[in-house]
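All of the numbers you see were taken from the coordinates with simple rules; none came from a lab. Owing to the predicted nature of the structure, the values given are computational and were not obtained by experimental measurement. So basically every Cβ, Gly included, is an ideal-geometry build from the backbone, and we count neighbours across all protein chains shown.
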Number of protein chains: 2
Amino acid sequence: MNIERFLTQSEGEWQSMRSGHSLAFKQFEEIISRISIKLIGKNDPEVLHILNCTSYSSHENALPIKMNWYSSSDWNENESYKNTSGECILIAIPTEKDKGMMLRSLGYLEPQKAISSYKFLSDGTFTLRTQYTGSYVEERIWFASENVRCRSSIIKTSESSGIMQTSFASEIRSINIKSKQETHF
Amino acid sequence: MNIERFLTQSEGEWQSMRSGHSLAFKQFEEIISRISIKLIGKNDPEVLHILNCTSYSSHENALPIKMNWYSSSDWNENESYKNTSGECILIAIPTEKDKGMMLRSLGYLEPQKAISSYKFLSDGTFTLRTQYTGSYVEERIWFASENVRCRSSIIKTSESSGIMQTSFASEIRSINIKSKQETHF
């Protein structure tokens, strides 16, 4: 597996069922999302802006994607459903065949820019590690089939290895959208 | 990672939060379990019985464990909580350093004996594949830290690659029990 193939496989519209596990409080959270992943050109103005803010500005191997999501969760402080939506740009910068860096306009956990490192495991599972100011996140994504992917995350406190929360998502591709996808690489 | 080290790391009492995703119906299931994993001797009568029913009866590398679980689920046909408990014996038979077979007295999905194949990924993640009569299950287990492990499963129909259900468990070791553990290998 390499990053270009992985991102191409991930492109499309996904219906996601996600479960969050809050380990200290033994609380479950259930989240239903629609996620859109689209390959975009490396000369996109937002991509150039992110690259120019880092030391990767002249990197020719940059592989950018845009992600949009709309989520509905069963859990919040008022015990009512909570809807959120968002958008971010991720730019993969391969440094070797099976590893590299991932720049994000928004972090998964904290609303700030982040630089992650990625690595593929021997079976093609994509793993991503991100250090935020107050936490550390390990994510992994693997394909169960062409149109079903699994995504897990582990959130740790950054000072120690204390694990605060885990999550797992089962994502099914919306087939109609996939047939319209174009590859920009 | 090798199987002996993996099973030794897994030994102990675990508190498990597990989420099931029924993909066709978009239904979540929440399961709280206590799981006990104990290394047992290869001359245990139940182990000898299982080995004698297979072609592995004379295998000197057999590594058996006994698992007990007590589970409480939020979902069943009557929409009330459902409690289940069970016990099974698993016998690992390594064939290479990072792969081998796993014999089970009970299958994960179907209440029948099963022979699975296991393989470790490059980061030490344990993966297990089992073919049952009516289905095919892929499981993976990885350690987030010494005392937290994650376990996912994907259940497919055996005739096609249709995916029926996924699950994910976050498991925390009960520390008091671990200090009493003995290694039988």
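Pulled fully out, how much extra length does the chain show between residue B:25 and residue B:57, if you take 0.36 nm times their separation in residues and subtract their Cα-Cα distance? Could the numbers behind the result be given before it?
Numbers: separation 32, 0.36 × 32 = 11.52 nm, distance 4.33 nm.
Between residue B:25 and residue B:57, full extension yields 7.2 nm more.
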In whole Hz, what ³J(HN,Hα) sequence does the range A:43-50 give by Karplus (6.51, -1.76, 1.60; θ = phi - 60°), x for Gly and Pro? 9, 4, x, 5, 5, 4, 4, 5
Charge dipole of the protein assembly as shown built from unit charges on the beta carbon (Lys, Arg +1; Asp, Glu -1), centred at mean Cα; most positive-end Cα among A:102, A:67, B:71 is A:102
At the level of C-alpha centres, the distance separating the range A:39-57 and the range B:35-63, in angstrom, is 57
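Averaged over its residues, how many other protein chain Cβ atoms are within 10 Å of peptide B:125-132's Cβ atoms? Walk me through the numbers on the way to the answer.
Numbers: counts 7, 0, 4, 0, 0, 0, 0, 0.
Taking all residues of B:125-132 together, the mean is 1.
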Shortest first and in nm with one decimal, please list how far the residue A:84 label point sits from its counterparts in the other copies (point 7 Å along Cα→Cβ). 3.3
Along Cα-to-Cβ, 7 Å out, sits the label point; list in nm, shortest first, how far the one on residue A:134 is from those in the other copies. 4.9
Backbone HN-Hα couplings from phi across the range B:127-139 [Karplus 6.51/-1.76/1.60, Hz, Gly and Pro as x]: 10, 9, 10, 10, 9, 9, 4, x, 6, 9, 10, 10, 10
Is there a quick way to get the dipole size of chain B? I mean about its Cα centre, with the Cβ of Lys and Arg at +1 and of Asp and Glu at -1; what is the value in debye to the nearest 20? 240
Please count, across chain A, the pairs of lysine residues with Cα atoms under 14 Å apart that sit 8 or more places apart or on different chains. 6
In sequence order, calculated HN-Hα J values of the range B:61-70 (Karplus, 6.51, -1.76, 1.60; Hz; x Gly/Pro): 8, 4, 10, x, 10, 10, 10, 10, 9, 10
For residue B:117, place a label point 7 Å from Cα along the Cα-to-Cβ direction in every copy; what are the distances to the other copies, in nm, shortest first? 3.3
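Let me have the relative contact order for chain B, percent, based on Cα pairs under 8 Å that are six or more residues apart. Let's see the in-between values first.
On the way: 408 pairs, mean separation 39.6, N = 185.
With pairs under 8 Å counted, the relative contact order is 21 percent.
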Mind putting a number on the dipole of the protein assembly as shown about its Cα centre? Charges go on the C-beta only, +1 for Lys and Arg and -1 for Asp and Glu, and I need it in Debye to the nearest 20. 420
Computed over chain A, the convex hull of the Cα set has an average projected area, in nm², of 11.1
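Taking Cα atoms of the protein assembly as shown, Rg/Rh with Kirkwood Rh, to two decimals? Could the numbers behind the result be given before it?
Details: Rg = 21.7 Å, Rh = 22.1 Å.
Rg/Rh: 0.98.
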Checked against the positive end of the charge dipole of the protein assembly as shown (+1 on Cβ of Lys and Arg, -1 on Cβ of Asp and Glu, about the Cα centre), the farthest of B:90, A:52, A:14 is A:52
What residues have an amide H closer than 5 Å to that of residue A:135, excluding those fewer than 5 places away on the same chain, when H is modeled at 1.01 Å from N in the peptide plane? A:158
